[in-house]
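Working notes, beginning with the structure itself.
The values are calculated or read from the model by the stated rules, or taken from the named source; none is laboratory data. Here the structure is a predicted model, which is why all the values come from computation and not from measurement. Don't worry about glycine lacking a Cβ; one is built from the backbone with ideal geometry, like all the others, and counts go over all protein chains shown.
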Amino acid sequence: MSAPPPPDFSGLDPELATEAAGVGGRGTLLGSSASSGLLPGWAPYGVFAAALAFCAAVLAALGIFTIALMLVFGAVVAVFGIYAWSRAVEGSRRAKDRAITMAIVAAFGVAMAPLISLLYEVIKRGVPGLSAEFFTEDARGKISGGGAEHAIVGTLVITGIAVAISVPIGLMAAIYMNEYGTGKLRRALTFFVDVMTGIPSIVAGLFAYALFEIFFGPGIRMGVMGSVALSVLMIPIVIRASEEVLKIVPNHLREASYALGTPKWKTISKIVLPTAFAGLVTAVMIATARIIGETAPLLVTTGVVDSLNTDPFGGRMQNLAVYAFNEYRSPGIDKAASYDRAWAAALTLIAIVMILNVIARLVYRRYKTEIR
Amino acid sequence: MASVDTTTNAGQLLAAASGGRRRRGDRIFSNIAVISAVTILALLAGVALFLVTEGWPALTASASELPGKEAFLDYVAPLAFGTVLAGALATVIAVPLAVAVALFITHIAPPRLALTLGFFVDLLAAIPSIIYGLWGIFVLGPAAVPVMKWLEEKLGFIPIFEGPASATGRTMLVAGLVLAVMILPIVSAIAREAFSQTPRKLQEGAQALGATRWEMIKMTVLPFGKSSVISGSMLGLGRALGETMAVTIILSVSGVISFNLISQANPSTIAANIALNFPDSSGIKINALIATGLVLFAITLVTNFIARAIISRSNVQ
């Protein structure tokens, strides 16, 4: 028996051996870049800045300078730039690492750009449409186009009813899944709740319409139909989120309660739910924020109307999202004013969503029961 | 020992004292929980059932009664094509970006920043779709016009950039871009989850053998997260297929079947077609629209089933 053959390194990059020291000792060598064949610590930033400046100059020379183009081309040039520089100094493996890191950071920037642009544009274009009239008047018979009070009230009514339907059902289902569920029903529920999160919002709207049409006849439009449609979308979100929260409640609390002879339902309602309270509030608020801006299901269930309607069973009911869509789709004689109102509605909506999201996080942070 | 005995006794006494009431309370409470659970299953079944009931008349009606005087399959085919094209385009654009975003948050950004960055990515998911639509038509569309002109001039020999380039930006390409932004958060959230669960020992092992960070990611993180990325992409695709308002606002439609991404004439999508025509329709047209909704429901269900099956299979391993 001969000794086992030595590991075969022939397939590896020939640079590996010479580079291993540099790569492995990165942490210690980073500081002394001058002597070690490593780029200085500022290299990625420097290359990126240089690439931006280069692209700005080229684009300006061509006369097509825009910030977006500069950033896009700058990122591409920077990726190649850092590769070339690093390859010359550090070798191909490090060069590839640096180039891909740069590309990933750039991709993250690309992904964030729409968020920044969108928030900026909504604020810039939404503010001119905001006025006292926007919040206090409806649009019935107004030549000027009127306000959006009816849409704001409608949004609150429709969403409020949807929350009132979804939270008890969703919460009890989550309690079932986490505290009671066993066997087939639980597994079916887990799976179908996942499936339900994927229902397209317009399909939820069609479902609500089909359901009510059977009882009230064709062409029916009511605020509560919208609430039913939104509930179909909201219930799975509530279940998933509150199930996560209930899971975190430690078992020893339940066991301590049982040990004292407390019945199961009291354990759940007096121990588990209060412990998870902050998390549940957060879950409900985030779910509400998700559905409050839904447009498509309301377009087919609550319809479009110009006047204030606070009766969810009394015919058509306007809401902010559909209002924004309608101001864009069928603008009045003064197109610009209609578009302003659409953007103002968008701004109001986004403000509500952001406020709900931020409060949800604050509630969670402030009232979170310490669980160890 | 003594204290344990006391609690046990107290518990037994309590139980004995309130035995009857306790059982009734428990029974009622657990019944409510079970009923809620069953309600949800019934709701999902109800969605399918009511769509079938209301869509059925259109499926069985003769061609002359339906909108456009054509058989239902001919009516829905271009819409289904448009739906799949828009969804596929969005997925193709979003997935590489989402993977990059997930890698950035889990492996490149300073760990202290990761939570905050994740919050910003999630904010993208919180923005209502109507606002994406307005942004697409007023901001992104006009900005994309010169780019699409350039694509037509330089890359016009590729069928998807054949042109003539739209002058308004209301094209499939812009709709696909906006959809991509909308589904990016869900894809990246699932990828992030998987990437951050890559076993530390694998990552450290790779780096101890001298791998650079990218080599470590390529050898450990990406293979580990592969099935999650695939299922996340399927979920994103499901979202994009059913997304309504952004497409309704952005796309200028003409019922053609065409892969041309930058022209004025685009196939509509099922969801957008419903949103555009439902408010003004009545009678059998409503049934036809509900039937197309049923088709959309079926397409998204299949997509989601596959995605969930991949997730649950990879969880078992």
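Some values worked out for this structure:
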| item | result |
| --- | --- |
| Pair list, Cβ under 6 Å, 6 or more apart: the range B:137-150 residue surrounded by 16 or more Cβ atoms within 10 Å (Cβ to Cβ), other residue among the hydrophobic types (A, V, I, L, M, F, W, C) | B:137/B:249; B:137/B:250; B:140/B:174; B:141/B:174; B:144/B:174; B:148/B:165; B:148/B:262; B:149/B:165 |
| Residue, nearest to the chain's Cα centre (by Cα), within the range B:40-60, restricted to residues that are without any contact (Cβ under 8 Å) to a residue 60 or more places away in the chain and surrounded by 15 or more Cβ atoms within 10 Å (Cβ to Cβ) | B:44 |
| Filter result for residue B:64 (at pLDDT below 85, among the polar types (S, T, N, Q), closer than 30 Å to residue B:253 by Cα and assigned to a helix (DSSP H, G or I)) | yes |
| Qualifying positions in the range A:319-359 - of a type in the set (Val, Ile, Thr) and touching a residue at least 12 places away in the same chain (Cβ under 8 Å) | A:322, A:348, A:350, A:352, A:353, A:359 |
| Whichever residue in the range B:207-242 is more than 9 Å from chain A (Cβ to nearest Cβ) and hydroxyl-bearing (Ser, Thr, Tyr) and, among such residues, is surrounded by the fewest Cβ atoms within 10 Å (Cβ to Cβ) | B:227 |
| Members of the range A:148-158 found to be assigned to a helix (DSSP H, G or I) and more than 10 Å from residue A:228 (Cα to Cα), listed by number | A:149, A:150, A:151, A:152, A:153, A:154, A:155, A:156, A:157 |
| Unmet criterion (only one of (1) surrounded by fewer than 18 Cβ atoms within 10 Å (Cβ to Cβ); (2) assigned to a helix (DSSP H, G or I); (3) not acidic (Asp, Glu)) for residue A:144 | (2) |
| Yes/no for residue A:287 being buried (at least 21 other Cβ atoms within 10 Å of the Cβ), touching a residue at least 60 places away in the same chain (Cβ under 8 Å) and within 21 Å of residue A:178 (Cα to Cα) | yes |
| Test: residue A:249 is touching a residue at least 12 places away in the same chain (Cβ under 8 Å) and β-branched (Val, Ile, Thr) | yes |
| Qualifying residue in the range A:221-230 (condition: of a type in the set (Val, Ile, Thr), closer than 23 Å to residue A:176 by Cβ and either in a helix (DSSP H, G or I) or more than 8 Å from every other protein chain (Cβ to nearest Cβ) (or both)) | yes |
| Subset of the range A:231-256 (residues that are in a helix (DSSP H, G or I), farther than 19 Å from residue A:286 by Cβ and more than 10 Å from chain B (Cβ to nearest Cβ)) | A:251, A:252, A:253, A:254, A:255 |
| Members of the range A:90-120 that are under 30 Å from residue B:91 (Cβ atoms), touching a residue at least 40 places away in the same chain (Cβ under 8 Å) and not hydrophobic (A, V, I, L, M, F, W, C) | A:98, A:101 |
| Complete set of residues in the range B:253-276 that are among the small types (Gly, Ala, Ser) and closer than 28 Å to residue B:98 by Cα | B:258, B:263, B:268, B:271, B:272 |
| Condition met for residue B:159 (over 24 Å from the mean Cα position of the chain (by Cα), at pLDDT below 90 and facing chain A (nearest Cβ under 9 Å)) | no |
| Single match in A:338, A:307, A:269 (criterion: surrounded by fewer than 20 Cβ atoms within 10 Å (Cβ to Cβ) and not in a helix (DSSP H, G or I)) | A:307 |
| Members of the range A:121-137 found to be more than 9 Å from every other protein chain (Cβ to nearest Cβ) and part of a helix (DSSP H, G or I), listed by number | A:123, A:124, A:126, A:127, A:128, A:129, A:132, A:133, A:134, A:135, A:136 |
| Qualifying residue in the range B:279-289 (condition: touching a strand residue (DSSP E or B) at 6+ places or on another chain (Cβ under 6 Å) and at pLDDT 85 or above) | no |
| Matching residues, the range B:61-111, being among the hydrophobic types (A, V, I, L, M, F, W, C), surrounded by fewer than 16 Cβ atoms within 10 Å (Cβ to Cβ) and within 19 Å of residue B:182 (Cβ to Cβ) | B:88, B:92 |
| Subset of the range A:190-217 (residues that are more than 7 Å from chain B (Cβ to nearest Cβ) and under 21 Å from residue A:303 (Cβ atoms)) | A:204, A:205, A:208, A:209, A:212, A:214, A:215, A:216, A:217 |
| Count of the range A:82-107 residues which are more than 13 Å from every other protein chain (Cβ to nearest Cβ) and under 30 Å from residue B:145 (Cβ atoms) | 0 |
| Residue match in the range A:310-318 (condition: basic (Lys, Arg), touching a residue at least 12 places away in the same chain (Cβ under 8 Å) and buried (at least 24 other Cβ atoms within 10 Å of the Cβ)) | no |
| Qualifying positions in the range A:268-284 - at the interface with chain B (Cβ under 10 Å from one of its Cβ atoms) and touching a residue at least 12 places away in the same chain (Cβ under 8 Å) | A:268 |
| Residues within the range A:120-134 that are over 18 Å from residue B:141 (Cβ atoms) and under 25 Å from the mean Cα position of the chain (by Cα), tallied | 3 |
| Subset of the range B:118-136 (residues that are more than 8 Å from chain A (Cβ to nearest Cβ) and at pLDDT 85 or above) | B:136 |
| Test set (1) buried (at least 20 other Cβ atoms within 10 Å of the Cβ); (2) within 25 Å of residue A:47 (Cβ to Cβ); (3) within 14 Å of chain B (Cβ to nearest Cβ) - residue A:78 fails condition number | (3) |
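The rows are residues; the columns are (1) facing chain A (nearest Cβ under 10 Å); (2) in contact with a His (Cβ under 9 Å, 6 or more places away or on another chain); (3) surrounded by 22 or more Cβ atoms within 10 Å (Cβ to Cβ).
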residue	(1), (2), (3)
B:245	yes, no, yes
B:256	no, no, no
B:265	no, no, no
B:272	yes, no, yes
B:275	yes, no, yes
B:282	yes, no, no
B:289	yes, no, yes
B:306	no, no, no
